[in-house]
Amino acid sequence: MTDELVTREDRAVDAPDPEIVRRNTAVIWVLIVAAFVVILNETVMGVAIPHLMEDLGITAVAAQWLTTAFLLTMSVVIPVTGFLLRRFHTRPIFLSAMSLFVGGTLIAALAPGFEVLLVARVVQASGTAIMLPLLITTVMQLEPPATRGRRMGSISVVIAVAPAIGPTMSGLILSVLPWRFMFVFVLPIAATVLVLGWRLMRNVTEPSDAPLDVLSVVLAALGFGGLVLGLSRIGEAGEGGASTSAYGALAVGVAVLGLFVWRQIVLQRIDDALLDLRTFKVPTFAVSIVMFVILMMSLFGMIILLPLFMQGVLGLSVLQSGLLLLPGGLLMGLCAPAVGRAVDRIGPRPLLIPGAALVAGVLWTLSFLLSEATPWWALLACHVALSAGLALMFTPLFAASLGSLPPHLYAYGSATVSTIQQVAGAAGTALFVSTMAAVAASQEAAGAAEAAAQATGIRAAYLIAAILASGAVVAACFIQRPVDSPGPEHAGH
């Protein structure tokens, strides 16, 4: 199977058919636009919590479940996408995923109460979970290695910019309209993408008779679900501290995840694994995953902690804090194409090292800079610099991690990267918010004012982020440039 894929890919590179190139380009761009729309929706709910509590008459804990349930569904569905991408054609997978997202958005826009809105978020997440692995796998299979970096630059826009501008968009909408319009505005865009996909999407991959191990699906759902649930509940806990149920869910998730890993190691010997872990035998992929964890934790820390500081310490409005975050998000999008072209020319390491150093430098600065007297322009400068560092890292990491794998592991690699992003995002939220809350509570108990205590707590959270990011600088030195085609390096995998 692998030899056939390699031969087919080599033929496409040696003698590209213009019609096939146009078809592949159209398919990739439909997937990029679709992924951007669905991932943008992932972070729009955070600033809407107060509005939902008032309009729906629910508690803060219940309102947080609209985000937690979304992340939980993503963490359960994503590990199964490796099987789906091997078993089915591209077109039906895309249409199913986008239809789920459009249906969930419609239900949310019409939701009469909290329960229906929660169901809508779960339906949305089911489609979102499939879209990103589908995009990454399709790009790896269709794009020639020589131009893969610039395509990964487009994917970086999806991964980095969409979550960053989500809160800004929702802040703008909520400043003048009810919460329901967050979904009303997205619905026609998502429906248009679905229609375009129905017209332009083609089957560009060859499905195989991949088996489905039901026990692995159950273990993945319980393991990743418990892990994300526990981390999310810890992150939501605030000053009161995490509940016993949060740590219980976390413990169950870790234990079941261990069983899941053992099950995959057994099944991959006969190529029946739900998530083939032989991807981690490739050193560049393994190091890239470590860096992805640090990267996503830094990104979510930026998305969560800076608005808390702006609103809780400096007294800025939701709209003002959202606008301050917008330039950095736009910068990541503008830098992505240039970074992608640079990856194709010079490889990932010359970009990753300065990018990781810049991220670590900004986080160290924030861990000492933040106080009640910090001017807004200093936050804007730090956020823009941090966004530039993240932009230098996302595209090279995608190109290096997945480009280092043999073609038959692309689907598993993309599912692994997407799963790690969800878990790392939840872990970053839990670590930073719980650290901030604990330090702030101790400061208030010692007599500090509320705003000063919160600033101290956020500085402590950024200090942890800075230490983690410093590790990413070291890890970046071990990233190798992927080979242009499967050769002796892949023979032992």
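The values are calculated or read from the model by the stated rules, or taken from the named source; none is laboratory data. Owing to the predicted nature of the structure, the values given are computational and were not obtained by experimental measurement. Note that we place each Cβ from the backbone using ideal geometry, even for glycine, and neighbour counts take in every protein chain shown. The accessibility values were calculated without ligands, DNA or RNA, using every heavy atom of the protein model including side chains. Shrake-Rupley method; radii C 1.70, N 1.55, O 1.52, S 1.80 Å.
Each pair of Cα atoms in the chain enters the Kirkwood radius, and Stokes-Einstein at 20 °C and 1.002 mPa s then converts it into a translational diffusion coefficient of 94 µm²/s. Taking each residue as 0.36 nm, the span from GLN320 to ALA62 lengthens on full extension beyond its C-alpha to C-alpha distance by 90.2 nm. Other residues lying with their Cβ under 12 Å from the Cβ of LEU72 contribute a combined charge of +2, Lys and Arg counting +1, Asp and Glu -1.
Annotation: amide H of MET201 has no partner in the under-5 Å range at sequence separation 5 or more or interchain, hydrogens built in the peptide plane. Taking Lys and Arg as +1 and Asp and Glu as -1, the other residues whose beta-carbon sits under 13 Å from that of LEU134 total +3. Measuring only protein heavy atoms, the 1.4 Å probe finds PHE478 accessible over about 130 Å². With r defined as the distance between the Cβ atoms of LEU110 and LEU212 and R0 fixed at 30 Å, what FRET efficiency is calculated, to the nearest 0.05? Efficiency for this residue pair is about 0.30.
Approximating the spin labels as points 7 Å out from Cα along Cα→Cβ, the ILE270-to-VAL290 distance works out to 3.5 nm.
Computed over protein heavy atoms with a 1.4 Å probe, the accessible surface of the chain works out to 39 Å² per residue. According to the Cα-based calculation, Rg over Rh for region 61-106 is 1.08, with Rh computed by the Kirkwood formula. In this Cβ point-charge picture (+1 for Lys and Arg, -1 for Asp and Glu), the chain has a dipole of about 580 debye about its Cα centre.
For the residues THR43, THR192, THR244, a 1.4 Å probe over the protein chains yields an accessible-area ranking, largest first, of THR244, THR192, THR43.
The protection proxy used here, the mean number of other Cβ atoms lying within 10 Å of each residue, ranks peptides 212-219, 275-282, 452-459 as follows, highest first: 452-459, 275-282, 212-219.
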